[in-house]
Amino acid sequence: MGSEVGLKQRIARWMEDHRGLIVVLIVLPLSLIFDALMQFRHWVFRKFISAPEKHDERVRAIQKKVRKWSEQPQKDRKMMCTARPNWQSLSTTFFRKDLCHKIAIPLYDILELKPSHMSIRVEPMVSVGQATAFLVPRGYTLAVCLEVAEATLGGLAMGVGMTTYSHKVGLYQESIIAYEMVLSDGSLVRVTRDNEYSDLYHTLPWSHGTLGFLVALELQIIKIKPHIKMEYIPVKGKKNYCNMMRELSGALDKDKATPDYLEATIYNKEEAVIMVGNFSDVPPGEENKINHLTRWYKPWFYKYVERFLKKGRDYEYIPLGDYLLRHNRAIFWVVETMIPFGNNALFRFFFGWLLPPKIAFLKFTTTPGVRAMTFTKQVFQDIVLPMNQLEDQIDKSEELFDLYPVLVYPCRIYDHGPHRGQLRPPRKDQMVPGANYGMFNDLGVYGVPRPVLEKKRFDAVDAMRKMERFTQEVGGYPFLYADTFMTREEFEKMFDLTAYEQVRAKYNANGAFPHLHDKIKPEIDVVEVGKQYMDPL
Ligand SMILES: Cc1cc2nc3c(=O)[nH]c(=O)nc-3n(C[C@H](O)[C@H](O)[C@H](O)COP(=O)(O)OP(=O)(O)OC[C@H]3O[C@@H](n4cnc5c(N)ncnc54)[C@H](O)[C@@H]3O)c2cc1C
Ligand SMILES: NC(=O)C1=CN([C@@H]2O[C@H](COP(=O)(O)OP(=O)(O)OC[C@H]3O[C@@H](n4cnc5c(N)ncnc54)[C@H](OP(=O)(O)O)[C@@H]3O)[C@@H](O)[C@H]2O)C=CC1
Ligand SMILES: CC(C)=CCC[C@@H](C)[C@H]1CC[C@@]2(C)C3=C(CC[C@]12C)[C@@]1(C)CC[C@H](O)C(C)(C)[C@@H]1CC3
């Protein structure tokens, strides 16, 4: 018995030490086959099933299913969720869809481009990749177009989205002109900021499908130029790079002209590279400064950017498609934890085209053991925090996780008035002077905390709960696709559920859809699993 446990541990240790090799020899080839099958499936759908003109008919079929559900006796009814399999979604939690009544939302089409309104009407399952491939050749992009091609426009609308353009327009929800929703009684409503459903308009973001089914949405688009002139600014000293981010994002002065795209990657407490991108044409004679940085043999983007810390300030022109997908090949810096030698030049040259593994494939193959291991030994968090406390965020992240790089995207958070949505109006000291928004930022923490790397004891639950406490105290919010560890009381202290509860009662969502907290909390007993994996292997 003892030797069996010893053997198991030795195998586990061996696999951990050689995980790069295992990923390259097994995971990547399988992911490639998986991707080819998905692409074929996609092609079949596009060729034979795609039919924007059938939108109304498809929505009527969904309404019929919901009506049928609502006519069942209450005691026989399970609460509803979409039938999209969990492994296809981007959340790290595995919500128990098997306990729900699943309603298929087979809506994958782009419905209408409206250049005169600078908007696009889409069905909810359209992916960011699909929308970008459609819009960019026509000279547009989504106002908030995040870098993860696999995310769906509907999933982002019911959750939360942000990107490096958000310091200009705010979260993804601010770029939504209208939601078309099927409510729990099967009725179809069009929801806008100012119509009779404005209460729904403000509570649908961050609701995670707990108020109704989304069947279409109209989104704001922006005009583009084919290239981004990207300036890389290395900055030494925490105070200096924090100040520069506040200044560049317009956090100090609402009338200051801001760059089109802005982000910072922090490599250690005292060193960061700030990236300032502007739509641009390439001036004659500067063609040699064009960088197609998503090509398979090119260095991973964050590694490439790190070089500017030594090289000094520089600029180049990046084709827009490459810019939007700059973090794709290394999934920000997540792939490094799977393939530590993945950025080696030889590896890139011969195998770079195998990257990145499909997120859906990684989720598809996540066994309960892997799930428990990743959530206790890795961190995947995006947290919206006030930018006037950027220094404290970095200190807190280092104190709890000691993990770099850390990502910073600035983002406006608008004051829509008290108790309108799940986010509270920013506090007075967080507001940009004279504006109706505060400047916040996404703090992206992805990877393996240093204690785990050094094979020391690490209490993931305790660290995350401390991070949540800090977030609540400064008036921030974690993205709810990631694991959260708050109790219902703590959750309600962080998010303002006043309007959400009213809307749930008014539109009969209680009993029809799970409560937000039940939908996003981890599906496993975090404390128990946490204890089990706290010690190094
Ligand atoms: C009509 C229809 C019905 C469908 N039905 C189903 C179904 O029932 N069930 C199901 O599971 N799936 C279904 N799908 C497939 C589902 O939509 C795909 O899984 C999803 O669309 C994958 O996106 P993609 O292949 O377009 O993305 P990708 O292959 O990632 O992207 C497509 C193209 O866009 C480019 N691109 C991607 N992202 C960006 C970016 N950010 N910037 C610039 N360029 C970018 C890529 O380089 C690529 O050329 C359906 C699809 C359609 C069209
Ligand atoms: N930079 C960014 O902005 C990033 C954001 N994210 C997050 O990823 C998620 C998006 O990923 P994606 O895989 O596309 O979405 P998901 O499938 O994860 O959906 C997100 C939530 O929206 C609900 N939802 C999806 N479609 C509908 C619909 N038609 N009607 C009602 N509810 C719906 C889902 O409910 P159900 O469980 O019932 O399907 C789920 O709770 C968001 O939560 C977003 O915050 C992730 C990465 C980056
Ligand atoms: C605001 C911004 C820039 C957001 C970017 C978020 C990405 C880095 C996140 C979104 C989904 C995400 C958490 C994911 C993962 C990595 C980080 C991702 C890609 C992975 C692939 C890590 C490995 C995990 O076992 C698992 C497969 C569950 C997840 C899936 C989602």
Take the residues in the stretch 397-421 that are in a strand (DSSP E or B) and within 15 Å of ligand 3 (Cβ to nearest atom); name whichever of them is surrounded by the fewest Cβ atoms within 10 Å (Cβ to Cβ). Leu407
Among (1) within 16 Å of ligand 1 (Cβ to nearest atom); (2) touching a Gly at 6+ places or on another chain (Cβ under 6 Å); (3) in a loop (DSSP other than H, G, I, E, B), there is one condition Thr163 misses while meeting the rest; what is its number? (2)
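Would it be correct to say that Arg60 is more than 29 Å from the chain's Cα centre (by Cα) and within 16 Å of ligand 2 (Cβ to nearest atom)?
Numbers: more than 29 Å from the chain's Cα centre (by Cα): yes; within 16 Å of ligand 2 (Cβ to nearest atom): yes.
In short, yes.
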Would you tally the residues in the stretch 479-495 being closer than 23 Å to Cys411 by Cα and part of a loop (DSSP other than H, G, I, E, B)? 7
Identity of the residue in the stretch 145-160, more than 6 Å from ligand 2 (Cβ to nearest atom) and not in a loop (DSSP other than H, G, I, E, B), that ends up surrounded by the most Cβ atoms within 10 Å (Cβ to Cβ): Leu153
Assuming Gly155 fulfils every condition listed in (1) within 10 Å of ligand 1 (Cβ to nearest atom); (2) more than 24 Å from Lys506 (Cβ to Cβ) apart from one, which condition is it? (1)
All but one of (1) modelled with pLDDT of 95 or more; (2) surrounded by fewer than 16 Cβ atoms within 10 Å (Cβ to Cβ) hold for Met467; which doesn't? (2)
Sort through Asp185, Asp199, Asp194 and tell me the only one that's free of Cβ contacts under 8 Å to residues at least 60 places away in the same chain, more than 8 Å from ligand 2 (Cβ to nearest atom) and over 21 Å from the mean Cα position of the chain (by Cα). Asp194
Reported set for the stretch 281-324 where residues are among the hydrophobic types (A, V, I, L, M, F, W, C) and within 26 Å of the chain's Cα centre (by Cα) is Leu293, Trp296, Trp300, Phe301, Val305, Ile318, Leu320, Leu324
Checked the stretch 422-478 for anything assigned to a loop (DSSP other than H, G, I, E, B), out of contact with any helix residue (DSSP H, G or I) (no Cβ under 6 Å at 6 or more places or on another chain) and closer than 30 Å to Ala330 by Cβ; matches are Pro449, Glu454, Lys455, Lys456, Arg457, Asp459, Gly476
Being among the hydroxyl-bearing types (Ser, Thr, Tyr) and near ligand 1 (Cβ under 9 Å from one of its atoms) is the filter here; which residues of the stretch 131-148 pass it? Thr132, Thr141
Please enumerate the residues belonging to the stretch 445-464 that are over 22 Å from Glu490 (Cα atoms) and surrounded by 14 or more Cβ atoms within 10 Å (Cβ to Cβ). Tyr446, Gly447, Val448, Pro449, Arg450, Pro451, Val452, Leu453, Phe458
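This table checks each residue for (1) among the hydroxyl-bearing types (Ser, Thr, Tyr); (2) crowded, with 23+ Cβ neighbours inside 10 Å; (3) in the same structural domain as Asp442 (by TED's automatic domain parsing); (4) not in a strand (DSSP E or B).
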{"site": "Pro234", "(1), (2), (3), (4)": "no, no, no, no"}
{"site": "Met244", "(1), (2), (3), (4)": "no, no, no, yes"}
{"site": "Asp253", "(1), (2), (3), (4)": "no, no, no, yes"}
{"site": "Lys256", "(1), (2), (3), (4)": "no, no, no, yes"}
{"site": "Ile266", "(1), (2), (3), (4)": "no, yes, no, no"}
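Here's the yes/no breakdown for (1) among the acidic types (Asp, Glu); (2) within 30 Å of Ile339 (Cα to Cα):
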residue	(1), (2)
Pro433	no, no
Asp442	yes, yes
Arg450	no, yes
Glu454	yes, yes
Ala460	no, yes
Arg465	no, yes
Thr471	no, no
Pro478	no, yes
Ala482	no, yes
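Which residues, counting only those in the stretch 472-489, are surrounded by fewer than 19 Cβ atoms within 10 Å (Cβ to Cβ), closer than 23 Å to Leu390 by Cα and out of contact with any Lys or Arg (no Cβ under 8 Å at 6 or more places or on another chain)? Let's see the steps before the verdict.
Step one: filter the stretch 472-489 for residues surrounded by fewer than 19 Cβ atoms within 10 Å (Cβ to Cβ), giving 472-474, 487-489.
Subsequent filtering for residues that are closer than 23 Å to Leu390 by Cα retains 472-474.
Across the stretch 472-489, the qualifying residues are Glu473, Val474.
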Would the stretch 184-195 turn up any residue that is away from ligand 1 (no atom under 16 Å from the Cβ), among the charged types (D, E, K, R), under 25 Å from Phe495 (Cβ atoms) and surrounded by fewer than 24 Cβ atoms within 10 Å (Cβ to Cβ)? yes
Scanning for something buried (at least 18 other Cβ atoms within 10 Å of the Cβ) and modelled with pLDDT under 95, does the stretch 294-305 turn up at least one residue? yes
From the option list Ile359, Ile383, Ile394, single residue qualifying as in contact with a Pro (Cβ under 7 Å, 6 or more places away or on another chain) and buried (at least 19 other Cβ atoms within 10 Å of the Cβ) is Ile383
Among the residues of the stretch 89-130, write down those that are near ligand 1 (Cβ under 9 Å from one of its atoms), outside any loop (DSSP other than H, G, I, E, B) and out of contact with any strand residue (DSSP E or B) (no Cβ under 6 Å at 6 or more places or on another chain). Val128, Gly129, Gln130
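The values are calculated or read from the model by the stated rules, or taken from the named source; none is laboratory data. The model shown is predicted, which means the values in this text are computed figures rather than measured ones. Here the Cβ is made from the backbone with ideal geometry for all residues, glycine too, and neighbour counts use every protein chain on show.
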